[in-house]
Each structure stands twice: as C-alpha cells, then as structure tokens.
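The values are calculated or read from the model by the stated rules, or taken from the named source; none is laboratory data. Please read all numbers here as calculations on a predicted model, not as lab measurements. Cβ placement follows ideal geometry from the backbone for every residue including glycine, while neighbour counts extend to all protein chains displayed.
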Amino acid sequence: RHQVRATRPSFCYSPSSSLGFYPPTRGTAYVNGFDIRTDIAAVRSSLGLCPQHDVLFDELTVAEHLIFFCKLKGVTGADVEEEVTRYIKAVGLEDKRDRQSQTLSGGMKRKLSVAIALCGGSKVVMLDEPTSGMDPSARRATWDLLQEERKGRTILLTTHFMDEADLLGDRIAIMAAGQVQCCGSSLFLKKKYGAGYHLVIVKTPECHVPDVTDFVLSYVPDGHLDQNIGAELSYILPETASKKFPEMFRGLENNTRSLGISSFGVSNTTMEEVFIRVGEQVDPELKQQMTEISDRMISQVEAAKYANGKGAPQVAAHGATEATDDLFALEKEIATVRNRGIHLFLQQSIAQLVKKSLHLIRNRLLLATQILMPILFVFIGFITIRTLPGLESSPPREMDLTQYGEKLVTALDIPENSEMLEDVYTQLANRFRELNARVADVPNDTTVDDYLLAKAEDDLYDFNSHYLVAAQFNLNDSYAEDPPTIRGIFNGRAYHTPPLILQEIHNAILRAETDNPKCKIRISNKPLPLSEREELQEVGEGSNAMGFQIGFQLAFGMSFLAAGFITFLIRERVSRAKHLQYVSGLRFWLYWSMTFVIDYMLYLLTCVGVFIVFQSFQEEGFVEVDMTGRLIVIFLLYGFAILPLVYTVSFFFNVPSSGYTASAMLMVFVGLASIIAVSILQIPALGKVEAADITEWVFLLFPNFSLGMSINYLSTNFLYNKYCPVLFGAINEAFVNASDMEPLLDIFFNALGAHPPFNNTVICDLFSCSAVESCGIGLPCCGGITNDCGAADCYRWSEDYFNWDRPGIGRNLLFFLVVGVFFWLMIVLTEINVFTKIVKWWKPESRALEDNDDITMAEAGAFGEEDSDVRTERERIRGASIADLVQHGDKLILRDLTKAYSDNFVAVNHLCLGVPSGECFGLLGVNGAGKTTTFKMITGDESITKGDVYLDGISVRSDVKQVQQRLGYCPQFDGLIDQLTTTETIVLFARLRGVPERFIKNLTGHLSGMLLLKDHMHKLVQELSGGNKRKLSTAVALVGSPPIVFLDEPTTGMDPVARRLLWDAISRVRGAGRSIVLTSHSMEECEALCTRLVIMVNGQFKCLGSIQHIKNKFGQGYTLIAKVKPSEPREESLRRPPSALDSRQSAKGRIKRTSSSEGGRRKSSQQIITYSMYSTNAQK
C-alpha cells in the first residue's frame, strides 16, 4: 500500500528520524514492529530509501550501484544479476547500464535512486520526492513501476506533485508546521476541502479577461474568478451548475477567437486545491498573499468592466502587472544608479571578502585546525629541543652511590685502639647499609687490599659488578703523635667512584664529629664548557640543530594550514556557486584576488601565533630584531608561493575532503621527505655534499621544502656568525700574546707581510693546506672565508644572510617568487580555458568536428525530417547578419549551437533560435535531451564545440564576461553556498550585480516576500529544504533586473503554493519587458508562462511555436482523462455485488463507444485512462 505525505518545503519534514539519522526528541516510530530508538539495525534490515538528494557514487556504473545495494540487502548468487537486470529495465536505463552515474542527467539519477530503494525486496520503502526532476513520460513510467511494486510492501512517499499523490496514495497526509494537518483518502480530502468544479482557461496575448469573466458568469452566475496567474484563468463553478456545462462549453468553443482563448478544461476538486486550502488554514500570511494576487487581477477586471469603451486598462499579456509594482519600481530606480567602474570593483571586493569571512567563521573546526596546527608543531619543536641535548654545555649533576643500584659490597676493616675511628667506621657502615649494600668486615690478620684481590681472583665479573668502593682505617705507627688515616679504595671500572668514596668518608667523619646524622657534604660533576671548536662541531652536525628542528616542524604544520584553503574552493566550484558568481558579473581575477587576500590574512594570523611562540621560548636565532625581520621576509614570500599552488591543486579534485587529505599528505611527504634527504646528504662525513646541492635545486620548487630549509639555514648561519668570529678572535689573541713572549715571531710576521691582529682571510691562509704541507692543521670556519679549511671539515657560512649560496637564503626566496608567479599563471590560463582548448585541439575527433561545414552536415541529413517551423527559424537565423537580427528585436540568438564530447556523442546539434525581448520562451524535452547543456553553453559554463550564442549582439565565444553581465541564471542544481544565510546570499549577488548598498535591504525584502522566503531569511542555506533552495536560486537570478533570465527547472521541488507564487513572479518579470528562457517538466507550467516553446529531442529542435500553434499542429480534438479505481484481487471482486461491477463496466463502455464513434483512441496507465476524441463537436 501507499502512504503519501504532501508537504510544504517551508515546513519540510523528512524521514530522517524514522531512519535513525536524527534521534527523536519525544515519542517513537515502529517499522515492521521494531522500535527506531532501540532496534534501528532491525529497522534498516528491511528498509529501502530514496533520499531527496541523490546519494550516488560518481565512479560506479548503474549496474554496479544495483549490484552493490542488492548484496547489502542480502541478495546472493545468480539472483543478484536477475534483480539488477529487472530493475534496470523497469526504470528504463538499459542503454545507460554501463555508464558512470556522474554522466547521468538529473532525472536519470532519480530513476537509479528509485531502483536502489526497491531492489532487494525491501518491505518498507521510503521515497522522498522520487520523481523530482523527471520529465512527464519518466514520471508516469515511475508511477507504473511503483504501482507494480506495491504488492507486499509498505511505501511511504513524499511529493509536491498533487497528481502523483492523487494517483498513488491509498491515504494522503498533508503536513505543515511539523504536524499532520489532515489525513485520509483522496476522495475523503476532496469532499472535505473541495469547492466544486474548476474551469481552467489558457489565454492568448489578445485575451480580455473581463469579457471572459462576463461570458462564463452568463452561464453560471454563482461562479467566480479564482486565480489569474500567468497565462491561466481559473474559475470556481458550483457542483449544482453541472447541467449548464455543455452549453457553456459550446459557447466557449464557438468564441475562442473573440475571447482570446487558446484552450480550456474542467475538472473536479483537485488535490492541489486541497493542499492550498490546508496551507491557507495553517498560515494566514499565505492566504493573504494568495488573495492579494487574485485581488490584483480582479481589480483590473473590475476596472476594465466599468470603464468607458475599449480604452480601459487591460491586463497585460499573460497576467503580468504594470511596472508600478514595488519590486519593479525599485529595480527601475536601481537600473539608473547601478554601480559601475571603481565603485563596482569596490562593492564586488567587499562582497567577496564578506563571503569568505563568513565561511571561515562558520567552519570553526577547520579554522582552528588551520591556525593551531603550525603553532602546535613549532611548540613541539621547541619542547623537543629543550628536552634533547643541545648546543649548551651540560649542566652539573649531583653524584651519589645510589646511581649504581643495589647489591653493592663494601669492604671495611675494623679499627682498633681509636675511639674516633670507631665512630667514623660506625657512621660509614650505617651509611652503606642505608644503601642496601653488604658490608664485608675484613679480619685483622689481613689487609683490605689482600681481601679485595682474593675476591677478584675468585670471580672477576662479580667483583667488577658489586665491589666498587672500600675503606681502610689505620693508625700511623711511624708518627704516633700524628692523627690516624682513613684510606678510600675504589674500583676504576666505574668512572665516578673516586669522588664518591671520598664523599662517603668525609660525610662519616662529619657525622661522627657533629653527632648529627643529617649532616651531609654533596658533590656534583660539572663538565667543562664547550670550546668554540666543539660548539661549531655541534652546529655542523645539523640533525640536532635548532634550525633543523624548527624548520622541519614548521613545514609539517604549514602543510595542514595550506591544505585547509582547498576545501571551500572545491565546494564552491563543484556546486557551481563560483560559476553563478561569474555569471553575476564577477571577474575571475577579482575572485582569485579577494580569495588570496582573505587566505593571506588568515595565514598571517597564524604567522603571528608562530612568532609569539618564538618570543615565549626566547631561543637565540629566533628573537633578535634582525633575525625577526629575516623570518618575516621568509614567511611573507612562502605565503605568496603556497597559496596559488593550493589554488591550482584544487582544480584536480571534486570532493573537498579528498582534496584536503590528498594535498595535505602530498605537502607533508614531498616537503618533509625532501628536507630529511637533503639534510642527510649534506653531512660532510658522508661525502655526498655535491649530490645534496644538485638535489636541493630540484626540491626548491616545493615551497614547504624551501620554508624548512630557509629556517634551518637562517638559524645555522646565525650560530656560525656567533661562534666563528669568537674563534678568529681567540686565534688573533693567541698570536698577539705569542708575539709579546717570543720576539723571533716578528721575523715570521715580517715575512708574512702582516702583523696581528690578522683579518679572517690571513688566518685562513695560515691554516690552509697550501700553508701547511701535511694539512694537519685546519679551521672549519674558513669554509665561509676562503673555502679551504685544511684538514678540518668546512662549515659553510656567510655574513650576508641573503647570500645566493648555502647557507644563505637568497635562492630560496627567489624560488618562492618564481613558484608563486608560475602558479598564478596556471590559474589564469585555466580560467581562460587555454588548457581545455589545447586538449580539444590535441584530440583529432574534436578537430574533425570543428572542421566540418555546417551546411554540409545539414544537407547530408544530419537533421532528419525537420519540422517546417524549426527549418524556417534556422533559415531566418542563418540568412541574416547578427546586427540585423538584433535590430529586429532578437535579444538572444543561437546560431548553429553545437556541443560534442570526446566519445562522439553529440549532446546539442546545430540549434538555431532567436528570442525577442519580453518573451517567455520554453525549452522542453525529456531527461538527457540537451536542455541543461544548452543553458551551460549560453552562460559560459560549458565550452561550445561549434556555432555561437549572441546576447544583445555580443558573442559568448569571444566575450563571455560581457554576456554574463547581461543575464540572470537559475541552474538546474542550486549553485548556493551552504554557509551563508538566505539574506547573505541575496546580498552577495546584489553586490556582485552592482546594486547600490542603500537599495539592497529593500530589494532583499521584496524578493523574499515575492518568493515566500520571509520565514527563512536567517537560516543557513544548508538548512533550507529543496524547494526553498529553488526559490532562493530564482531570487538570485532576478537580482539586479538582468535583461534576460535563464531558469533551468526553477520549480523543481516546490509545493503547489510556492509554484503558483513563482509563476506570478515570473509573469510580472516578463511583463516588465525582460526576456525569460525556461526549462521545465511541468506542461502546466509551460502553458501558464510561455509565449513560445520548443521541444528538444536528442539535442535537436523538433517543433517550435506558440502553445496554441503546437496544439493545433500536433493535437486533434479533445482529451478525456478518467481515473478509475485500482484493480482488485480476484477474491475481492467475487465478493462485490454484481450490480456494482456492471455499473463500472458500463461506464467504461459508454466512454469507449463515444470515443470510438468520434474516431478516438484510448491509452491507459494504471488507474489513468486517457481518451482522445478527434471530433470538434464539444457538445457530444
């Protein structure tokens, strides 16, 4: 069975809670008896879902999608292939079976989503607007499929097509404001909310509404005008007047020309009327707005009715009101004062800055990651340096026997005849016992030395492991008057035992003398400070240097900062929001410039955080004024290089998360791996310095490598400049002191031609290999002076930090500039489609297509049997110059417009068309006919293979920017920015269009009121329903009153009320003199809005003309549509009374006999039976 839920997008509800996406705040739902709060896994096991927006894998084919989801649902073996084939055939995608989903049109993707929901025998199927974006034939085919698949399933379906709800729904629930407002069968709802019959009349431009109203009321006095929107007049007629309908129909048929009527039809209460009435009850403002539209039309009717003569005001063609409407009056004023030149530049710059800033603020996690990651890694780098040994001299260390562990053995001899020695012995023995050491008392008949030697001979390993210190107490036999002695004995295997045994003996003496066990003498080991040569050696090792650590960590952190800039660029490009901004008049160079400005400011903010870390740790080489200035230069140029590189990389990705991950990992790997590789090769001991220099030249093309190495070189050079002058000074001082002590050195100095103090070059010459034959003496610091360091390894350094050679950072800075300029050039070439043109030129099939002559292709039968109207239009466009066509009123001109792809698929085939000012032109066709591709070529989103498009005489191929400034565009898929609110979106595009700031607020208010968006102005775009996004896209297209507006399926996903309000808005836009080109799958919409239309099939125009002209040419007679009850199971039909069955069959028979007698034909689709009657006699 079907349960249909019709909803207003303004109060949209989705099945997300039932699926477990959102937890219910209160209450619960049961699916197949399972509670969604506690048994969601069981709920999903029998569930099929078609979401509102297609969730497909771009790289998977149609068949692979169904195979994947069938296996997820438990289908196994050969049943998978059978299930896949059945549903591909059921949704009509046989020819697309092996095509990737990203190549499908919007309607085809919806078909695939429906098939995914139904496959695998899902018992509960939820379909969220399944036919949105489908053409009428595909929609009816989907209805048939759902009717066939309903057996054994429960289907919950949401829709904005009331005929779909009427046909499919066993029960229909209408929701508003988050609540079910009514629920019941279609018949029940129509009886409850219906008001009688609806007479719908389609007007011609010559229609005089008051005359039509008078004519209708002359037959049915109790009727009244309900709506006058677009090209449609709607009258409500009471049910009691049905007997007068034949006579009224006959009168309308006979007076179509004089009344200005193209067609008319009558129907009983529709579900659309039920929907509108329920919406009006819930939302008084909605009722007021619908009433205002009708009152505006009726007031014009009354004004014309009581006016004298035919000079009374008439309703403009297709119901458009006069330009005195508030919105159009405002736009008329805006058009005269619109910003241009420098004012437009500044306004568009502000728009871009605000847009980017709002996106950053509303993506706090990404923003925090970008700012904090580099700061965090620099902080970790400093902590690492502080933890590991560095260039500083080792600190003093307090020494103690506890550092040697337990199980020590101490040998002591027992003193005799000395009270003082006994006290010291006691204190020393107690101390050793505190250390858990075993005290071995040496017998009086042997010495401590003999005792220890004996232990060593027994087990040397045990002796060296445990016998570390000992003491011997002796009286001085030779000098009785001298004090006794205590001799400390130590094991030389342990380096620190000599001072430790002395410490313990002195502590024992101290405690014995003071009788205070807490008294203690501490000893510590303080290494000698590093000499200048040793400090230079530490610097030269590199891998432990401060500069390497900080440069490495900074390059790592900056990778995540730079990668974060790529996400918004990808999202904006893929969603077509970027293209929509270009169409609104934004120049690409301004887009990228403002993007760079905001990103660079964020980058500089991160750099400020890094400098705060530098100042916090106060490490030399990073806090000095001159070094801070050099670091600032490095950071400024790195930002200039890395941002355009990231911008260029963004063109290679279509998924923001993938782009972020890939770019971050690429920069981490390339940047850090290259830093490590070059740093290792630069170690002099490896003898690979030349290889390091060659490799470094290659890696300088990567900004992260240049950044890390610049920091490393800057810090290293700073330390060399600190220690090498000290070393040279010490050498000079030594020479001066030596010359004072040894006069013979003056002879040497005279021969040298110089006297101390020497300059650095002289010192290096003295220590070079040329001066010392054996090269036994060398000086590393000479690597920065003469590059001859004698026997020592040369350390490169320079007093000029921006020197070209290492460790100067001059070439690193130059490469920053080169890389930045190169990638900016790549961005420009990409934006002007140079690479696309090169690729197209490179492919022989593309060149062959462009080399073909248009006339030759036409004469060869490329167009088949062409309709006469299409041929006439083609000849008109080809036979006149563009200037002549523009002069004769054609606003938009398509001349042999063609789009072909590399697989020889021609999507658009030599279209010729002219659209004059003030016309609403409809472009119709099934899914995949080429409508959207045509729009994309007109707006510059797709390249044109052949032919051209002209807007106001300006060529799209030669000056697309000028064309884009003259059009408004509502794409098929909303090109909106999720992180902006509705108000911010309209303001953004108003600024891009050059609307003065003082008018933007009023313009936003008028547009929101006209399109029923007032309740959603402060919502983020990502929070809007699909229908409200379409309204916002339409508002964006109308901003700035462009002379021509392109609307690609603008009402897709809108509820009936919003759809009618948009029709009224479009009619008023057209009535204000603007041209509109519209694509739609709603035939009702085209009849209500379009003055002319064309039907497109396989990239070609098949018929062209006004609606009435096409009806007269391709349609005959009348159409009778009857809805019958669904077929019943056999046991139900057997229980039904025979009279009821007979009455149904007789009704069908009467209709069939009548249609057959008039030469008609019959079509059926489930519960809908369509009869075409060729007779022109309406009375029958």
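Worth pointing out:
- Among residues of the range 216-235, those that are in a strand (DSSP E or B) and either surrounded by fewer than 19 Cβ atoms within 10 Å (Cβ to Cβ) or without any contact (Cβ under 8 Å) to a residue 12 or more places away in the chain (or both), counted: 2
- From the options LEU118, LEU56, LEU127, residue that is part of a loop (DSSP other than H, G, I, E, B) and hydrophobic (A, V, I, L, M, F, W, C): LEU56
- Of residues in the range 943-977 being among the hydroxyl-bearing types (Ser, Thr, Tyr) and buried (at least 17 other Cβ atoms within 10 Å of the Cβ), the one farthest from SER1041 (Cα to Cα): THR945
- Failed criterion for LYS931 (all others in (1) touching a His at 6+ places or on another chain (Cβ under 8 Å); (2) within 30 Å of TRP842 (Cβ to Cβ); (3) not polar (S, T, N, Q) hold): (1)
- Of the residues screened, ALA456 is not one that is within 15 Å of ASN491 (Cβ to Cβ) and in contact with a strand residue (DSSP E or B) (Cβ under 7 Å, 6 or more places away or on another chain).
- For the range 980-1010, the set of residues classified as within 14 Å of GLU331 (Cβ to Cβ), part of a helix (DSSP H, G or I) and under 27 Å from the mean Cα position of the chain (by Cα) consists of ILE986, PHE989, ALA990, THR1004, listed by residue number.
- Test: residue in the range 345-366 that is in contact with a Gly (Cβ under 7 Å, 6 or more places away or on another chain), farther than 20 Å from ILE642 by Cα and loosely packed, with under 14 Cβ neighbours inside 10 Å: no
- Of all residues in the range 951-994, those satisfying the criterion of being farther than 29 Å from GLY107 by Cα and among the hydroxyl-bearing types (Ser, Thr, Tyr) are SER955, SER958, THR983.
- When restricted to residues that are touching a Gly at 6+ places or on another chain (Cβ under 7 Å) and surrounded by fewer than 14 Cβ atoms within 10 Å (Cβ to Cβ), the range 871-888 contains 1.
Every residue, every condition in (1) closer than 20 Å to MET108 by Cβ; (2) crowded, with 18+ Cβ neighbours inside 10 Å; (3) modelled with pLDDT under 85, yes or no:
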| site | (1), (2), (3) |
| --- | --- |
| CYS119 | yes, yes, no |
| SER122 | no, yes, no |
| MET126 | no, yes, no |
| THR131 | yes, yes, no |
| ASP135 | yes, yes, yes |
| ALA138 | yes, yes, yes |
| ASP144 | yes, no, no |
| THR159 | yes, yes, no |
| GLU164 | yes, yes, no |
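- Which numbered condition ASP853 fails, given (1) modelled with pLDDT of 75 or more; (2) assigned by TED's automatic domain parsing to the domain that holds GLU875: (1)
- Any hit, the range 89-106, residues being assigned to a helix (DSSP H, G or I), closer than 16 Å to GLY48 by Cα and not aliphatic (A, V, I, L, M): no
- Restricting attention to the range 59-88, the residues that are in contact with a helix residue (DSSP H, G or I) (Cβ under 7 Å, 6 or more places away or on another chain), part of a helix (DSSP H, G or I) and in contact (Cβ under 8 Å) with a residue 40 or more places away in the chain total 5.
- Meets criteria (farther than 26 Å from ASP163 by Cα and either under 32 Å from the mean Cα position of the chain (by Cα) or in the same structural domain as GLY918 (by TED's automatic domain parsing) (or both)) for CYS1086: no
- Matching residues in the range 135-167 - criterion: being among the hydrophobic types (A, V, I, L, M, F, W, C) and free of Cβ contacts under 8 Å to residues at least 60 places away in the same chain: ALA141, LEU145, PHE161
- Condition check for THR595: of a type outside the set (Phe, Trp, Tyr), more than 18 Å from the chain's Cα centre (by Cα) and surrounded by 18 or more Cβ atoms within 10 Å (Cβ to Cβ): no
- Only helices (runs of 4 or more DSSP H) whose full extent lies in the range 401-520 are considered here, and the ones with at least 3 residues that are surrounded by 11 or more Cβ atoms within 10 Å (Cβ to Cβ) and in contact (Cβ under 8 Å) with a residue 40 or more places away in the chain are 419-434, 448-458, 497-514.
- Residue list for the range 1090-1123, restricted to those being buried (at least 23 other Cβ atoms within 10 Å of the Cβ) and modelled with pLDDT under 85: none
- Looking only at the range 993-1013, residues that are farther than 20 Å from VAL1069 by Cα and either in contact (Cβ under 8 Å) with a residue 60 or more places away in the chain or hydrophobic (A, V, I, L, M, F, W, C) (or both) come to 2 in all.
- Options ALA1065, ALA1035; residue that is more than 27 Å from the chain's Cα centre (by Cα) and either closer than 22 Å to ILE334 by Cα or buried (at least 22 other Cβ atoms within 10 Å of the Cβ) (or both): ALA1065
- Test result for ALA173, farther than 26 Å from THR269 by Cα, surrounded by 18 or more Cβ atoms within 10 Å (Cβ to Cβ) and at pLDDT 90 or above: no
- The residue list LEU719, LEU701 contains one member that is surrounded by 14 or more Cβ atoms within 10 Å (Cβ to Cβ), more than 27 Å from PHE560 (Cβ to Cβ) and either over 35 Å from the mean Cα position of the chain (by Cα) or hydrophobic (A, V, I, L, M, F, W, C) (or both), which is LEU719.
- Selection within the range 542-585 - assigned to a helix (DSSP H, G or I) and touching a strand residue (DSSP E or B) at 6+ places or on another chain (Cβ under 9 Å): HIS579, LEU580, VAL583
- The range 344-366, residues that are farther than 20 Å from GLU1023 by Cβ and without any contact (Cβ under 8 Å) to a residue 40 or more places away in the chain: LEU346
- From GLU733, GLU696, residue being modelled with pLDDT of 85 or more, out of contact with any Phe, Trp or Tyr (no Cβ under 7 Å at 6 or more places or on another chain) and in a helix (DSSP H, G or I): GLU696
- Test for SER132: is it touching a helix residue (DSSP H, G or I) at 6+ places or on another chain (Cβ under 9 Å), of a type in the set (S, T, N, Q), touching a residue at least 40 places away in the same chain (Cβ under 8 Å) and closer than 30 Å to VAL282 by Cα: yes
- In the range 256-292, residue surrounded by the fewest Cβ atoms within 10 Å (Cβ to Cβ) [restricted to those that are at pLDDT 75 or above and basic (Lys, Arg)]: ARG257
- Check on ALA115, over 27 Å from THR1091 (Cα atoms), assigned by TED's automatic domain parsing to the domain that holds VAL31 and touching a strand residue (DSSP E or B) at 6+ places or on another chain (Cβ under 8 Å): no
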